[in-house]
């Protein structure tokens, strides 16, 4: 398996791993993926082994792909499922001598792919449904939630340690606010909206923690200052493993359309999500108690990293009171 390069996509790909495991109990699933994803993949019981590919996002890395590919020849893999659509992602299975190579044609990968799936480049079906095609499964979102929904394991010992280290308690409901989005500003709910929401939650007697990577530290601090409430701002202070376990202890997660949103759903936490440049019909949170806000403006979904009109109305028009009501409805 050549895995995706984004957190959310990697979580959604677990639906495929589940389908493959259900089809054959003896099948071994090896995933080639970036080093950052190992902790995530190790929380998926379907995975047999992770093989780290040490290339940066966007890097061609021909030599590294060749070295890892040739090193994997001894595994005698029978087929490779290549989830990314890029040309470079299809090279490693060739180097590994894998006879059956399944994927979309993508970047003109004639010869590299020898079982071609119909293209989903125009985002005609949800990402998770697209992944399940690799296992020959045709399923709607409702069935996926029932049969194939991602489910990450939780380390209760690490959870207790991390909660204590950051002063988090489960005596009152903990609301997680995931404030970042790796893709860009067009997927980020405004900081002032998050701050207003935190004030409402605090007035209701609810605890709040802000979660994100080190890239989200600036926006996390801005939200903390705007709210002027005693929130636990953990942006950049936790590992991906720690975030998984923290989220599993929360009552509700409020999130942009991001990787952490999918992690929250995968540890069975109700999600309230805000969509701007993207749409919940393409990457929905796979949880029965999820609520997605999407304004359906004439200019969205645009799939752009920044708003071409600079108004970001698709996000600004989702008001904190709406989100607050949805949170209370899910506690």
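The values are calculated or read from the model by the stated rules, or taken from the named source; none is laboratory data. These figures come from a predicted structure and were not determined experimentally. In this analysis, Cβ positions are derived from the backbone assuming ideal geometry, glycine residues included, and neighbour counts consider all displayed protein chains.
Tell me, yes or no, whether the stretch 61-69 has at least one residue that is closer than 19 Å to residue 283 by Cβ and not in a helix (DSSP H, G or I).
No, the stretch 61-69 has no match at all.
Hey, among the residues in the stretch 172-192 that are surrounded by fewer than 19 Cβ atoms within 10 Å (Cβ to Cβ) and in a helix (DSSP H, G or I), which one's modelled with the lowest pLDDT?
Out of the qualifying residues, it is 185.
Surrounded by 18 or more Cβ atoms within 10 Å (Cβ to Cβ) and over 22 Å from residue 8 (Cβ atoms), is that true of residue 223?
no
Given the criterion modelled with pLDDT of 95 or more, under 22 Å from residue 79 (Cα atoms) and over 14 Å from the mean Cα position of the chain (by Cα), identify the matching residue among 11, 50.
50
State all residues of the stretch 14-40 that are more than 17 Å from residue 265 (Cβ to Cβ) and within 12 Å of the chain's Cα centre (by Cα); if no residue qualifies, say none.
37
Does residue 108 satisfy being surrounded by fewer than 19 Cβ atoms within 10 Å (Cβ to Cβ), in contact with a strand residue (DSSP E or B) (Cβ under 9 Å, 6 or more places away or on another chain) and assigned by TED's automatic domain parsing to the domain that holds residue 69?
In short, no.
Name the single residue that is nearest to residue 73 (Cα to Cα) among those in the stretch 97-112 being under 26 Å from the mean Cα position of the chain (by Cα) and assigned to a strand (DSSP E or B).
101
Being in contact (Cβ under 8 Å) with a residue 40 or more places away in the chain and either part of a loop (DSSP other than H, G, I, E, B) or closer than 17 Å to residue 93 by Cβ (or both) is the filter here, so list the residues in the stretch 27-60 that pass it.
30, 32, 43, 44, 45, 57
Please specify each residue of the stretch 167-184 satisfying the condition of being under 15 Å from residue 232 (Cβ atoms) and in contact with a helix residue (DSSP H, G or I) (Cβ under 8 Å, 6 or more places away or on another chain).
168, 169, 170, 175, 176, 177, 178, 179
Considering only the stretch 72-121, state which residues are over 22 Å from residue 26 (Cβ atoms) and free of Cβ contacts under 8 Å to residues at least 12 places away in the same chain.
110, 111
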